[in-house]
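Every read-out reported here was derived from the displayed coordinates using simple, explicitly stated rules and does not represent laboratory data. Because the structure is predicted, anything quoted here is derived from the model rather than measured. Note that each Cβ is placed from the backbone with ideal geometry, even for glycine, and that neighbours are counted across all protein chains shown.
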Amino acid sequence: MIEDELRAAFARHEALTPPAGPVRAAIDRVVAVRRRRRQRVRAAGVALALVGALGVGIPQLRPDPVVDDATHFGDRATPAPSGALNVLVLGLDLRSGDAPPLADSVLLVHVPADRSRPYLISLPRDLEVDIPGHQRDKLNAAFAFGAGPGRPDLSRGYELTRRAVADLTGVRVDAGLVLTYPALRKVTDSLGGVEVCLPQKVTSAHTRRVYPAGCQRLDGTASVDLLRQRRGLPDGGLDRDRNAQRFVAGLVRRAKEQDVVTDPVRLSRILSAVGPDLTVAGGSVPDLLRVIPQLASVEPVGLSLPVVPPEGAKWQIRADPGAAPAFLTALREDRLAEWTTANPNRITPLR
């Protein structure tokens with residue numbers, strides 16, 4: 001009897017029940033929007049990695065905002081950044097155990113206000129600098145001090161390094177990223193390899209692999225192996241910095257050849273491969289891609305801070321008191337084109 005009454009009650013109210021189709025469709029729409037938001041945030045990170053290599057920056061570092069449907073790469077409401085831009089790119093070696101991470105490569109990418117071409121400026125990891133809140137030490141120690149031991153905080157490591165670089169150079173650092181070796185390997189393989197042009201033979205101290213002088217296409221594993229090499233090179237870590245410039249130049253060319261930055265499908269494949277191995281400093285990424293068409297050339301110019309090599313067994317590398325001040329003044333005043341014309345011997349051959 002109770003069963004019959006329940007059936008009758010359900011039958012009377014069935015007509016009032018809303019159809020399930022629209023509700024399910026609404027739920028699917030919410031899920032799709034959230035998925036697109038997550039993908040855009042991750043895409044922003046990979047875009048900044050590639051665009052950072054191209055010398056494209058963002059105007060300000062600030063915490064991650066809530067991403068809504070209007071703020072994405074296709075939005076044309078926000079103007080492209082103007083003026084000179086500086087992007088700090090850190091190549092990070094995450095060591096095993098409780099050892100704090102060290103920034104093996106410190107590269108400042110400068111894009112002049114006239115958008116002529118990007119400049120890749122290497123800052124030696126062993127350069128003696130003032131580290132805010134700490135003693136005078138190697139530049140790469142700033143990341144370790146900031147990140148801390150155990151489970152390092154990469155954002156804090158970047159921030160302290162950024163402050164040390166800003167104090168050293170006197171320029172505003174507009175944006176940055178931390179690129180670990182796993183991320184570098186994945187990006188390289190996603191592009192099908194990167195061509196690197198070496199002026200001299202390099203023999204790996206880790207794998208014994210020989211990289212001959214000349215241009216060669218390297219996969220991700222070989223690229224990471226090459227970028228770790230400093231032993232046996234005439235100028236040690238300074239030569240490693242120059243090889244990092246050559247790798248970035250090859251990465252730029254490869255990305256341009258494949259239209260990676262402007263092809264959302266290609267970019268999506270790369271971001272899926274890189275995943276969480278890339279840390280974008282600041283997190284808020286406007287439409288960086290609009291700066292690329294402004295560049296007269298994406299072929300970068302390789303430069304290094306003029307330094308005095310260490311003497312004997314000492315690790316300290318100091319800025320050259322005769323040449324560094326003029327170089328830093330040209331950087332601050334956005335006159336690197338003029339400076340390189342007057343100092344052609346200071347340019348790193350990238351091919």
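FRET efficiency for the pair residue 341 and residue 151, taken as 1/(1 + (r/R0)^6) with r the Cβ-Cβ distance and R0 = 56 Å, rounds to 0.75. Applying 0.36 nm per residue to the separation of residue 315 and residue 135 and subtracting their alpha-carbon distance, the gain on full extension is 63.2 nm. With a ≥ b ≥ c the root eigenvalues of the C-alpha gyration tensor of segment 87-186, is it rounded (a/c under 1.5), prolate (a/b larger than b/c) or oblate? Because a/c hits 1.5 or more and a/b fails to exceed b/c, segment 87-186 counts as oblate. The H on the amide N of residue 302, modeled in the peptide plane, is under 5 Å from the matching H of 120, 348, each at least 5 residues off or on a different chain.
The stretch between residue 200 and residue 269 holds 21.4 nm of extra length on full extension. This uses 0.36 nm per residue minus the Cα-Cα distance.
Annotation for segment 294-338: trypsin sites (Lys or Arg not before Pro) lying in DSSP loop with at most 16 further Cβ atoms inside 10 Å of their Cβ are 314, 335.
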